[in-house]
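Engineer: Questions regarding the structure given below will be posed in turn.
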Amino acid sequence: MGYAKERGKLEKLLTKTAGINVYDEKSLAILVDSHEKYSHTVRILKNKEPELFTDLYTNELQEIKEGRKSLKESDSDEARQTNFTAYKDIIVRALEKTIKTTNETV
């Protein structure tokens, strides 16, 4: 089963997300958008091939949600920047892991 369309979406998100380093409203909006698009894409993959993608859907999305929650709860600029970077790294890892899984199932 081919996953080229979904993999293309994920690769585009990865490119857009990986270059963000500094917390500001625009960067946060990009990360939130990437989170939502990742969630949608991994849900499509899970529905197509539950055995391969259910763990990614469950575990990676939960980790992303926890990262976003930590960012929202940050009470100082330093903590916000640290949690922003952690949130971005979690999204990037989830994207990379999902892309790798789609490549391995071709």
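The values are calculated or read from the model by the stated rules, or taken from the named source; none is laboratory data. Predicted model only: the values in this text are computed from it and were never measured. Cβ placement follows ideal geometry from the backbone for every residue including glycine, while neighbour counts extend to all protein chains displayed. What goes into the accessible areas is simple: the full protein's heavy atoms, side chains included, and nothing from ligands, DNA or RNA. Shrake-Rupley method; radii C 1.70, N 1.55, O 1.52, S 1.80 Å.
Engineer: Looking at LYS69, LYS16, which is the one that is out of contact with any His (no Cβ under 6 Å at 6 or more places or on another chain), of a type outside the set (Val, Ile, Thr) and closer than 15 Å to ILE99 by Cβ? Talk me through it step by step, then tell me what you get.
Structural biologist: Details: LYS69 fails: closer than 15 Å to ILE99 by Cβ.
Of LYS69, LYS16, the one residue that is out of contact with any His (no Cβ under 6 Å at 6 or more places or on another chain), of a type outside the set (Val, Ile, Thr) and closer than 15 Å to ILE99 by Cβ is LYS16.
Engineer: Return a yes/no flag: does the stretch 85-105 have any residue that is touching a Gly at 6+ places or on another chain (Cβ under 9 Å) and aromatic (Phe, Trp, Tyr).
Structural biologist: yes
Engineer: Which of the residues belonging to the stretch 40-62 are among the polar types (S, T, N, Q), open to solvent by 20 Å² or more (accessible area, probe 1.4 Å) and touching a helix residue (DSSP H, G or I) at 6+ places or on another chain (Cβ under 7 Å)?
Structural biologist: THR54
Engineer: From the list LYS65, LYS100, LYS69, pick out the single residue that is exposed (fewer than 15 other Cβ atoms within 10 Å of the Cβ) and under 16 Å from SER34 (Cβ atoms).
Structural biologist: The unique qualifying residue is LYS65.
Engineer: Among (1) touching a residue at least 40 places away in the same chain (Cβ under 8 Å); (2) crowded, with 17+ Cβ neighbours inside 10 Å, there is one condition ALA18 misses while meeting the rest; what is its number?
Structural biologist: Only one criterion is unmet by ALA18, namely (2).
Engineer: Run SER34 past the list (1) surrounded by 14 or more Cβ atoms within 10 Å (Cβ to Cβ); (2) at pLDDT below 95 and report the number of the one that doesn't hold.
Structural biologist: Only one criterion in (1) surrounded by 14 or more Cβ atoms within 10 Å (Cβ to Cβ); (2) at pLDDT below 95 is unmet by SER34, namely (2).
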